[in-house]
Structures are given as structure tokens and as C-alpha cells.
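Right, one structure below, let's go through it.
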Amino acid sequence: MTVLTTSFGAAWQLLASLDPGLWAIVGRSLALSATACLLACSLGLVLGAWLGVARFAGRGAVLVLLNTFLALPSVVVGLAVYLLLSRSGPLGFLGWLFSFKAMVLAQTLLVLPVVTALARQAVDDADALHGEQLRSLGAGPLLRSLLLAWDERYTLLTVVIAAFGRAISEVGAVMVVGGNMDGFTRVMTTAIALETSKGDLPLALGLGLVLLGVVLVLHGLLGLLRRWRERVDGGQYAARTMVALPGSAV
């Protein structure tokens with residue numbers, strides 16, 4: 001118990017004193033996840049909206065594959081990116097391995113299926129309710145997907161928040177392709193793993209508290225968004241936005 005209380009006290013002291021090493025790791029983590037989330041959402045929301053209204057041969061197989069990628073372990077994504085960026089890999093000429101860019105690529109590929117699948121489900125559900133009316137007015141698949149995506153914009157916002165939660169809490173992919181180098185590629189999750197193995201519990205606990213705070217803020221934003229939207233549409237929104245943030249991913 002003495003070790004625990006001492007470590008927590010030291011962790012709070014690191015946070016309160018604005019320890020530059022700790023907050024540099026926090027800033028790098030937020031920048032990494034925000035960049036990866038922006039890239040994944042830019043593509044995933046568009047692709048998900050299109051899949052929500054498109055009907056083509058093999059669509060069922062595509063959706064099965066997409067849903068399978070939702071459960072893909074982050075270390076597998078990291079391995080795939082490592083093989084792509086290694087010196088003998090097809091993208092080895094870029095020289096990105098063990099860099100911030102490699103970590104962004106890995107997290108983008110990890111988050112992209114989450115964004116695409118959740119956006120596809122939201123637009124597909126909206127298409128079941130309003131698609132027939134839009135088709136009767138002459139709206140094609142592209143216009144229909146845009147209109148339905150706009151109608152479901154608050155649901156899609158929860159998808160973006162969930163995607164950021166997935167990115168900020170993962171450890172496997174960025175550790176494989178980033179190398180966990182101090183001052184360059186070390187982020188909160190990889191630093192927690194390393195410092196715990198070294199026995200530096202105050203820094204690990206301090207970073208863990210920050211990470212927990214970030215996840216709590218994300219859940220709070222989701223809750224506020226649901227409650228605000230419920231007042232707008234009489235509670236129908238809540239039934240369509242039950243998105244759970246992943247607490248951690250290995």
C-alpha cells in the first residue's frame with residue numbers, strides 16, 4: 001500500500017508541476033491520434049455513406065470483410081504496416097519506418113474500418129426510413145448518400161469521437177512501427193507499457209491518469225451530444241447513436 005500511495009503522490013506531482021517529459025508525450029499522443037482520426041474520417045465517412053446506399057453484387061461479402069476488420073488486433077495492423085515500410089517492402093523507399101509518419105499510417109488503417117462500418121450502418125438505417133422517398137424524387141445513389149449523411153450528421157459526429165477513442169487508446173500498432181523512441185515516437189500507451197516494465201510507476205501512473213481523463217472527456221462529449229439531440233428530436237436520436245468507446249486495444 002505504501003508503494004501505491006507513494007507512486008500516486010509522485011504521479012500527481014508530475015502532473016501538477018507540468019513535467020515537460022510527461023506533457024511532451026501527451027502532446028505527441030494527441031497529435032498522432034488527431035491526425036490519424038482526421039485522415040480516417042475523411043475517407044471512412046465518405047466510403048461508409050456510399051456503402052450505406054449502394055447496392056451491387058458482392059456487397060454482402062464486402063460488409064462481412066469490413067466487419068471482420070473491426071476486430072482486427074492492432075498488432076496485426078502494425079505488422080502489416082511494418083512489412084510495407086521495411087527496407088525490403090514495397091514502400092521501403094519512403095524511409096518512414098520508426099517515425100511519426102509510420103505511426104499515423106498504422107493508426108489510420110486501424111481506425112478506418114471503425115469509421116466506415118459505423119457510418120455505413122447509420123446511413124443504411126436512414127436509407128431504410130427515407131430512401132424510398134428520395135428515390136421517388138429522382139435522387140441517385142450519390143445525392144441520396146450525401147443527403148442521408150447530412151441528416152445523420154450528429155450520429156456521424158459520435159462516430160468521429162469513437163474513432164478518436166479507438167486511436168488514442170491503442171498500443172500495439174504504434175509500438176511495432178514507431179519503436180517507442182523517447183522524444184520522437186513515444187506516446188502515452190507505449191510509454192505506460194515501457195515505464196511499468198522499468199518500474200517507473202509515477203510516470204506510468206501520471207500518463208495513465210491523463211489517458212483516463214481523455215477517455216472520460218470523450219464519453220462525456222458523447223453523453224452531452226445524445227442529451228442535446230434528444231431534446232431536438234424527442235429521443236429518437238439516442239436509439240441510433242449507441243456507440244461504445246473502446247477502453248483499450250492491444
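A few remarks follow.
- Enumeration of residues in segment 151-188 that are within 13 Å of A106 (Cα to Cα), touching a helix residue (DSSP H, G or I) at 6+ places or on another chain (Cβ under 6 Å) and either open to solvent by 10 Å² or more (accessible area, probe 1.4 Å) or part of a helix (DSSP H, G or I) (or both): R166, A167, I168, V171, G172, A173, V174, M175, V176, V177, G178
- Scanning segment 1-40 for residues being charged (D, E, K, R) and over 21 Å from G199 (Cα atoms) gives a total of 1.
- Subset of segment 181-205 (residues that are at pLDDT 90 or above and closer than 19 Å to A31 by Cβ): M181, F184, T185, R186, V187, M188, T189, T190, A191, I192
- Segment 193-212, residues that are β-branched (V, I, T) and free of Cβ contacts under 8 Å to residues at least 24 places away in the same chain: T196
- If the condition is being free of Cβ contacts under 8 Å to residues at least 24 places away in the same chain, farther than 18 Å from E152 by Cβ and in a helix (DSSP H, G or I), then segment 36-75 contributes L38, R59, G60, A61, V62, V64, L65, T68.
The values are calculated or read from the model by the stated rules, or taken from the named source; none is laboratory data. Since this is a predicted model, take the numbers as computed values, not measurements. As a convention, Cβ positions derive from the backbone with ideal geometry for all residues, glycine included, and neighbour counts pool all protein chains shown. Each accessible area value is taken on the protein alone, full model and side chains, heavy atoms only, with ligands, DNA and RNA left out. Shrake-Rupley method; radii C 1.70, N 1.55, O 1.52, S 1.80 Å.
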